[in-house]
Structure formats: C-alpha cells, structure tokens
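Please read the structure below before turning to the comments.
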C-alpha cells in the first residue's frame, strides 16, 4: 500500500475518521449532542469537499485501479456532499416536534457518503459493490429512523428486503462478468469485451448488472419500492434519498456503462433506452392520481431518472456531460422542493403531507408559495427555469447520437408530466384556502430555499461553469 | 493409500451424518449431526489441498452458523410435528426441487469433464510454492487492503444500525458502575450484629 493511493482517497478518509470520532462524541455526550454532531458532520463534509481540489480530484488510479480519483468522481461527490449537508441541516427542526433526533442520524449520513464516494470513484466491480452496500445499509437504517412510527418501520423493511434482492441480482451479474471475462476491474472487463466480441455469458452479466443498478436508481421496471419508501421515511431522509444516492447510483451506472462496457454499446443502449422510456412514461402517468406530496415526489424522481438516462442512452461524451448537468440541476430542484415540503406543518407544528392542504397557500405564505411554484415549474421543464435547460441538454445529446425518436417521445411525455406539477401550482394559487400552516421558524431553511430558488431562476449565469465541469467530468471517462 | 482411506472415511461419515440430519426426529440432534457433517467436509477439503476452505467450514459453519441454528431451534418454540404435517401436500413441489437439484448435479458432472474455467486475466497467478492461506492473505492485505478496510466499515455501519433501531434507554435497570463498585469499602456493606439467642434477625 502506498501513500499516494491513500491520499487520493482523502475524501473518504476524512469522512470515515470524522464519522468514527463523532460516534465517540455521540456515545459519551448522548442524544443532547445531536445538533453539535450535525454541525461537525457538515464541517467534515465541507473538508471532504475541499480535498477534492487536490489530488483526489484528478489524481488518477489508486490501489492498482480499485479506485479512481478523477474529475467525474469529484463532480458527483460535490453534489452528494451538498445534498447530504442540506439533509443534515434541516433534520433537527423536523425531528423537534415530538420525535427523537438522535446523534446517529448525521453519522449514518456521513458513512452513507463514504459509500457513495466509493460508488462514483469505483474502478473495479468489488469497490462498486462494497460502496453500494455501505450506502445501502446506512440508508435502510435511515429509512426506519423513526422507529416508533409504523410507516417508517415499514419503509425501512421494504427497502431492506428489495434492496437485498437487488444486491443479489447485481452480484450475480458481477460474478457472471468475472467468470466470462476473468477480471473484476472495469479496464479488464472492457479489454475482454472488446477483444473477441460480446459472448453470451458476458451479455447475461451485463443485463444482470444493469438490472441491479436500475433498482438503485429506481428506474422502471425496478421502481416498486420508491413510493412506499419515500412516503414512509422521515422527510429529511426522503430529501436525502431523492438527491444524494440518486447522483451516486447514476454516476456509477454511467461509469460502468461507459468504462467497463463501452465496447458493448449496442447491447446496453437498447436496455437503457427501454428503461428511460418506461421510467419517463410511468413516472408521468402514475403521479397524476397521487394525493400525498412525498409519493408524488417519488414518482417525480422516477420520471427524472428516465430523462437523465436519455443522456446515457446517447452513449457519447456529450451524453455523459448532459447527464452530469442534469443531475446537478435535479439535485438543486429536488432539495428545494423538499425544503418547501418541510415547511408544510399544521398549526401545532406537525408535518402535513396532503397536497390538498396546500390550497390557497399563496394568500397566507406568499414567499413559500412562490418558491413552490418555481420548483414545480422547473421540475416540469417550463422554459425560463433551469429544469428546462437540463432536459434540453439530454435531448440535444440524444438527437446528436441519432436517437431522434427517443427525444421526441421524451418531450411528448414531459408534457404529461407537466400536468401534475402544474396541478400543485393551481392548488396553491387558485383553490379556496385550507387551514393555515404554522409560520416559518427557521432562518436557515428559508435561506437555503431562497438560494435554491435563485439558482433555479438565475442558473443560466452559471452555465459556462456548469458546462466546463460537466465536460471535464465526461472527458475523464475513457 | 492413506489418502484413499481418509477420503472414504470422511466421505462415508459425512454422508451418514447428512442423512441423519434429515432423519433425526429431534431438531437439536439434527443440528448436531449437521456439525459432524461440516467437520468431515472440512476434512475432505484438506485432502483436496484447500486448507483455507477447510478452516472456513469449521470456523464459520460450525462456529457461527450451526451454533446460530442451535440457538434458533432451542429458543424459538417451533412445533416440528406441525411443520411435518404438510409433508404430503408439499410433496409434489418438494419433488420438483429435488429433480432440479439432481439435474444440476448431472449437468455439473457433464461440464466437469470439459475441464476447468480458464481465467485469462487473473489478478494474481496461483503461486505454487506457498500455502493457499498465505496466498489469500498476501492478496487480501496488499492489493485489496482498501476494500478489506471498507468492508470493515460496512460491518460497523450494520452494528450502528442495529443499535440505533433497537436500543432504548429503559428506566429501572441496574447498570454496572465499576467506579462505584471499586469505591465501596467493607465497612459500608458489612455490619456486625451481636445476635441474641432465641430472637429473629432484624434486617
């Protein structure tokens, strides 16, 4: 083991060591230290993000190719750390009303971030799997964090059982790939696949690996768990699930598809196209009848994953850059939406999740109503908002790769999707007022919401920067 | 000669123990027979030169899995007579599974004659001069040390998760306070009583 390799994994080292240290703080200071542990965790995430400026951001291969420190991983990690920090930041207020916030919340998120960092930086199927399991195990616990609440326990159990099944499918695929290519490293698999064409065994392995990964990004037809888990989990955890692990799993899928299976583009392209189409269609249609805002966001995330996969289906560097830009914008939109959702509390301060309770919000809470409208317009892809630009990029990449039909279908479906986003805006602005929400209590949440809304509206100013980093990320894959 | 003798010894005892695992009426006896079968399987692995797998069988299967079975069997009050009651109705399904397993064994034997799988790009060649425990250890603690540590982190998260989900601070339990125990002196705890004859002890 050499020090250079170890230095390249600095973000993971920082997070693991601070996770262990904070665990000690939590063990000795008790749950009263939950807020302190939360702030220290955010500091650890910031330090881990800062290390990405150095060698961990562009260092190359570490540990004989098990781990790769490049611009692609760095880009995804910045998004992951941002989303994780926000979900730690908003947790204390959510748990304050009669629920227990425990210090382990932030620590579990830190360890999940270590796992997600491994996922996006993996250069080997083994790293991929260990990272995925680390992230998943922490996620199962986070889903059932409100253990007194039966819906939360149900969410955790469902996520665990289906997640274990998906891990099994993924592992089966990996073992097939190992058996037929003789290697677990992406480079080795790529060499074996390109040398003598794609054998049947390799094809089977590829299909199983993609199926396992489709579960993790909750793409149709492996999406069944998403609405239940999103609904049952505590809202800050749902915000986390909808953002950080999505980025990690998408990044992982892109890297595996482009690096390990790059030569088998024709084979996986049709799978990705099908999954993208099915996710877009299902996410748009099934969301229409939902009355619970968290379930609606679950279908919205399925829908968005479909759009992101359109970029991957292109199979080009432009496509990968479009996926990364899409993920960045998606994370801001989703986090913003969940910040709004966390403001939905009745007069006693208890969280409300019914869409009907939003009626007439524009009269009692003008700022919140405006923020909600901005995020919903953006998720729907209505032009002045950044959400439009994200969709434009992936469709542009798809058309550039000759997939005009796919792009046309996606655009048509996004009109259906727009229906339910617009329905929320209609409820907020044009319906008879329902019961008034409790007033906003936290300046931090309001500030975060304002920043997210500003990014969504004025994001075009950031476009040159976003283009540059996502192109660099795409160029790092080979 | 001695290898052949050892092979038949281990193999016969293992098959016998495996049969008794199924046929024993008492589930605790079943688990004990299972342990015997694992030990003999370990012996067979040593004959094959796979001493690492032999140790895994003994340490993991006997030490952990079989003991876990034993706990489950003894602690959960499972009525095995009731479980056996559905035997006839499940027989067709059971037969189907048995046929599938038998077919897989035959298939495996057929493929065995083709020869071993060629791994063109092994991470490391199989070294001839050292034991396979050494070979695995050398690979695990050098090339894959990073993943080894990360797997440790996975276990840690599992442990934290189990505690987070099940631990609750209960009142009325008497926790151990080592410091207080050590500070306790004989004069705090022991009282000499001049007990008169014919009277009860006053507590």
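Here are the numbers:
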| read-out | value |
| --- | --- |
| Residue among A:85, A:106, A:112 that is in a helix (DSSP H, G or I), in contact (Cβ under 8 Å) with a residue 12 or more places away in the chain, within 14 Å of chain B (Cβ to nearest Cβ) and under 17 Å from the mean Cα position of the chain (by Cα) | A:112 |
| Residues satisfying the stated conditions in region B:131-145, i.e. without any contact (Cβ under 8 Å) to a residue 24 or more places away in the chain and more than 8 Å from chain A (Cβ to nearest Cβ) | B:134, B:135, B:137, B:138, B:139, B:140, B:141 |
| Residue under evaluation residue B:185, criteria (1) closer than 29 Å to residue A:107 by Cβ; (2) away from chain A (no Cβ under 14 Å); (3) modelled with pLDDT of 85 or more, criterion not met | (1) |
| Unmet requirement for residue A:64, which otherwise passes all of (1) within 10 Å of chain B (Cβ to nearest Cβ); (2) surrounded by fewer than 24 Cβ atoms within 10 Å (Cβ to Cβ); (3) assigned to a helix (DSSP H, G or I) | (3) |
| Those residues of region A:118-132 which are buried (at least 24 other Cβ atoms within 10 Å of the Cβ) and within 9 Å of chain B (Cβ to nearest Cβ), in sequence order | A:118, A:124, A:127, A:130, A:131 |
| Test: residue in region A:144-157 that is under 22 Å from residue A:343 (Cα atoms), assigned to a helix (DSSP H, G or I) and at the interface with chain B (Cβ under 9 Å from one of its Cβ atoms) | no |
| Breaking point among (1) closer than 30 Å to residue A:422 by Cα; (2) surrounded by fewer than 24 Cβ atoms within 10 Å (Cβ to Cβ), for residue A:275 | (2) |
| Test: residue in region A:72-80 that is within 14 Å of another protein chain (Cβ to nearest Cβ), at pLDDT below 95, out of contact with any strand residue (DSSP E or B) (no Cβ under 7 Å at 6 or more places or on another chain) and in a helix (DSSP H, G or I) | no |
| Pairs where the first residue, in region B:1-30, is in the same structural domain as residue B:42 (by TED's automatic domain parsing) and the second is outside any helix (DSSP H, G or I), C-beta under 6 Å, 6+ apart | B:30/B:24 |
| Verdict on residue A:267 being touching a residue at least 40 places away in the same chain (Cβ under 8 Å) and under 30 Å from residue A:93 (Cβ atoms) | no |
| Hits in region A:141-182 (condition: within 16 Å of residue B:162 (Cβ to Cβ) and surrounded by fewer than 21 Cβ atoms within 10 Å (Cβ to Cβ)) | A:147, A:153, A:157, A:160, A:164 |
| Residue within region B:146-163 that is out of contact with any helix residue (DSSP H, G or I) (no Cβ under 7 Å at 6 or more places or on another chain), outside any helix (DSSP H, G or I) and without any contact (Cβ under 8 Å) to a residue 60 or more places away in the chain present | no |
| Criterion (in contact with a helix residue (DSSP H, G or I) (Cβ under 9 Å, 6 or more places away or on another chain) and part of a helix (DSSP H, G or I)) met by exactly one of A:245, A:221 | A:245 |
| Any chance residue A:139 is in contact (Cβ under 8 Å) with a residue 24 or more places away in the chain, part of a helix (DSSP H, G or I) and within 12 Å of chain B (Cβ to nearest Cβ) | yes |
| Search result, residues across region A:188-206 that are surrounded by 21 or more Cβ atoms within 10 Å (Cβ to Cβ), closer than 15 Å to residue A:258 by Cα and away from chain B (no Cβ under 11 Å) | A:193, A:206 |
| Criterion violated by residue B:171 - all others in (1) more than 10 Å from chain A (Cβ to nearest Cβ); (2) part of a helix (DSSP H, G or I) satisfied | (2) |
| Selection count where residues are crowded, with 18+ Cβ neighbours inside 10 Å and more than 25 Å from residue A:243 (Cα to Cα), scope region A:338-356 | 0 |
| Of all residues in region B:118-130 being within 14 Å of chain A (Cβ to nearest Cβ) and loosely packed, with under 10 Cβ neighbours inside 10 Å, the one that is modelled with the lowest pLDDT | B:118 |
| Every residue from region A:399-421 that is touching a residue at least 40 places away in the same chain (Cβ under 8 Å) and over 12 Å from residue A:276 (Cα atoms) | A:400, A:401, A:403, A:414, A:416, A:417, A:419, A:420, A:421 |
| Test: residue A:235 is at pLDDT below 90 and either more than 14 Å from chain B (Cβ to nearest Cβ) or surrounded by 22 or more Cβ atoms within 10 Å (Cβ to Cβ) (or both) | no |
| Verdict on residue A:15 being crowded, with 16+ Cβ neighbours inside 10 Å, within 30 Å of residue B:168 (Cβ to Cβ) and at pLDDT 90 or above | yes |
| Residue match in region A:126-143 (condition: modelled with pLDDT of 90 or more and more than 20 Å from the chain's Cα centre (by Cα)) | yes |
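The values are calculated or read from the model by the stated rules, or taken from the named source; none is laboratory data. No experiment lies behind these values; they were computed from the predicted model shown. Here Cβ is always computed from backbone atoms with ideal geometry, including for glycine, and neighbour counts include all displayed protein chains.
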